[in-house]
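Chemist: Below is one structure. I have some questions about it.
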Amino acid sequence: MPERIVVPFGPQHPVLPEPIHLDLVLEDEKVVDVIPSIGYIHRGLEQLVQKREFTEYVYVAERICGICSFMHALCYCQGVEHIMGIEVPDRAKYLRTIWSECSRLHSHLLWLGLFADGMGFENLFMRSWQLRESVLDVLEDTTGGRVIQGTCKVGGVRRDIEKGKLDEMHRALDPFEEKCREIGDVFLNDDTVKYRLQGLSVLSKDEAYALGAVGPTARASGVPMDHRETGYAAYGDLGFKPVVETAGDCYARCAVRVKEVYASIDLIRRAIEQIPEGPLDVKVKGTPDGEYFSRVEQPRGEVIHYLRGDGTKHLARARIRTPTLANIPPLVKMLPGAQLADVPVVVLSIDPCISCTER
Amino acid sequence: MSIFQMTRTVIRNLTGGPATRQYPAVPARTSALTRGHVAFDPSTCRSCGLCSRRCPCVAIRLDKEAKVWEIDRMRCIACGDCVEGCPFGSLTMEQTYLPPVVEQRAAERYTITYVKPEKPAKKPAEEGAGA
Ligand code: SF4
Ligand code: SF4
């Protein structure tokens, strides 16, 4: 019986800029148990909801995460709008969808780069981030911010994308998709990538379901769960279908994200083609009184904002459950059996975003 | 064998120029909407205090009596809410990024120079709500 040792992994680790701490219990080089702990960067953003007016809290909600910022704002706004019974104009819904999908694009390209970096494939990492840069440029041109868009507000959106810019985006999509497919092919077909990822840390469909995995982690295990299917914002009109893989290993989790990049490009294309004319926002009168569980599909999975208003201009309570928190139990299930050298890749495969987990 | 999947991209990478730029020697790419920093015009501000009440980070401080308008660049997140809220157009969002602030609580201070035009033979109009 080999001796067991405990190796601490994180919260500061060269491969993972996210402050998660894992105690890895090893037998020789093999992981047999994992004890995760978080709590290094709690920022108290939930509490802030009682100090900021409900319309201003959008800016705070947006800064919960530096990657899915737009979707946090969207989730919060949809929650408040539901409590107050506000119907958002169609054009605003489409614009929200376009910006959401742009965020998903840049988030997935960022993750693909980090994942390639985790595998030691530096060239691919640089190529992915180069592509991500062009998405960020579009976001900056249309919203004014590269990662913090600041365009979502309660009752609609704050900015329009005019026709010329939409056409320009539409024209740019084809060459962009071609470039994405070039690097996507490397992720999906390259032998070195396959040797490294296939069969690594399999999560079965039942386990994924029982442990409450969300987002690409669940879909890679064959759980066809994607909140966009419920048709919030404009997804209902765009004929959305979730990307599902069945293998449940790291390769499948990577494949889901590569294919979601293509799906996002497709959604943006259809949204630009179908976007209706009309107003951007409705006037917000009154204060929220009531409670609601608002849910939105982020790049990492489903985020939940629980909001409760008591009729004043400050909400009484916000509770935010980000997708990474839901994906930590599956991660703990995945790691035993992996080699120590594979731990960074496996941890990255759930796309951890610890900063937003701790809010 | 598909280990050469990447070759074409690698070759194009080698022949193409760099994808990054030497900021700050070369200015950052901006667009017309870029939120760089907030600029204040002391000659038009009427001390209404809307900006300081809207700011989600409490970055703006206004002292009506002393006619002082202050912005703490360390707190400001360049969200643009004050710019949208200012009814007199005293605030604008500039595209350039400021150099990093290194001192805490070193607010940028302006003295408001707006002078209310004289209104003949009527009692002066009420100022807006307090700061
Ligand atoms: S830009 Fe936003 S954070 Fe900065 S001073 Fe204005 S309202 Fe405050
Ligand atoms: S909102 Fe405009 S006019 Fe009013 S205090 Fe602020 S800068 Fe001055």
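The values are calculated or read from the model by the stated rules, or taken from the named source; none is laboratory data. This structure is a prediction, so every number in the text was calculated from the model and none was measured. No Cβ is skipped: glycine too gets one built from the backbone with ideal geometry, and neighbour counts run over all protein chains shown. When the accessible area is computed, the model is the full protein with side chains, heavy atoms only, and any ligands, DNA or RNA have been set aside. Shrake-Rupley method; radii C 1.70, N 1.55, O 1.52, S 1.80 Å.
Chemist: So A:W111 fits all but one of (1) open to solvent by 40 Å² or more (accessible area, probe 1.4 Å); (2) at pLDDT 85 or above; (3) aromatic (F, W, Y); what number is the exception?
Modeler: (1) is the only condition that A:W111 fails.
Chemist: Right, another one. For A:P242, all conditions in the list (1) open to solvent by 40 Å² or more (accessible area, probe 1.4 Å); (2) outside any helix (DSSP H, G or I) hold save one; what is the number of the exception?
Modeler: (1)
Chemist: Does A:L188 fit the bill of being more than 14 Å from every other protein chain (Cβ to nearest Cβ), surrounded by fewer than 19 Cβ atoms within 10 Å (Cβ to Cβ) and within 22 Å of the chain's Cα centre (by Cα)?
Modeler: No; evaluated as a whole, the condition is false for this residue.
Chemist: Identify all residues within region B:61-91 that are under 22 Å from B:T34 (Cα atoms), more than 14 Å from chain A (Cβ to nearest Cβ) and within 11 Å of ligand 2 (Cβ to nearest atom); write none if there are none.
Modeler: B:I71, B:C86, B:P87, B:F88, B:G89, B:S90, B:L91
Chemist: Considering only residues that are crowded, with 17+ Cβ neighbours inside 10 Å and under 13 Å from B:E108 (Cβ atoms), look in region B:38-60 and name the one that is farthest from ligand 2 (Cβ to nearest atom).
Modeler: The residue in question is B:A59.
Chemist: Please work out if B:L33 is within 14 Å of chain A (Cβ to nearest Cβ) and in contact with a Ser or Thr (Cβ under 7 Å, 6 or more places away or on another chain).
Modeler: yes
Chemist: Scan region B:92-102 for residues that are more than 15 Å from ligand 2 (Cβ to nearest atom) and within 14 Å of chain A (Cβ to nearest Cβ) and jot them down.
Modeler: Within region B:92-102, B:Q95, B:T96, B:Y97 qualify.
Chemist: Among helices (runs of 4 or more DSSP H) lying entirely in region B:1-104, which contain 1 or more residues that are within 16 Å of ligand 1 (Cβ to nearest atom)?
Modeler: Ranges flagged: B:50-54, B:81-85.
Chemist: Give the residues of region A:114-135 that are surrounded by fewer than 20 Cβ atoms within 10 Å (Cβ to Cβ), in contact (Cβ under 8 Å) with a residue 12 or more places away in the chain and facing another protein chain (nearest Cβ under 8 Å), sorted by residue number.
Modeler: Across region A:114-135, the qualifying residue is only A:M126.
Yes or no, residue by residue, for (1) within 18 Å of A:L348 (Cβ to Cβ); (2) within 14 Å of another protein chain (Cβ to nearest Cβ):
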| site | (1), (2) |
| --- | --- |
| A:L16 | yes, no |
| A:D28 | no, no |
| A:I38 | yes, no |
| A:E53 | no, yes |
| A:Y59 | no, yes |
| A:R63 | no, yes |
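Chemist: How many of the residues in region A:136-178 are more than 9 Å from every other protein chain (Cβ to nearest Cβ), on the phi < 0 side of the Ramachandran plot and of a type outside the set (S, T, N, Q)?
Modeler: 27
Chemist: For A:L203, only one of the following conditions fails: (1) among the hydrophobic types (A, V, I, L, M, F, W, C); (2) in a loop (DSSP other than H, G, I, E, B); (3) open to solvent by 60 Å² or more (accessible area, probe 1.4 Å). What is its number?
Modeler: Evaluating A:L203 over (1) among the hydrophobic types (A, V, I, L, M, F, W, C); (2) in a loop (DSSP other than H, G, I, E, B); (3) open to solvent by 60 Å² or more (accessible area, probe 1.4 Å) leaves (3) as the failure.
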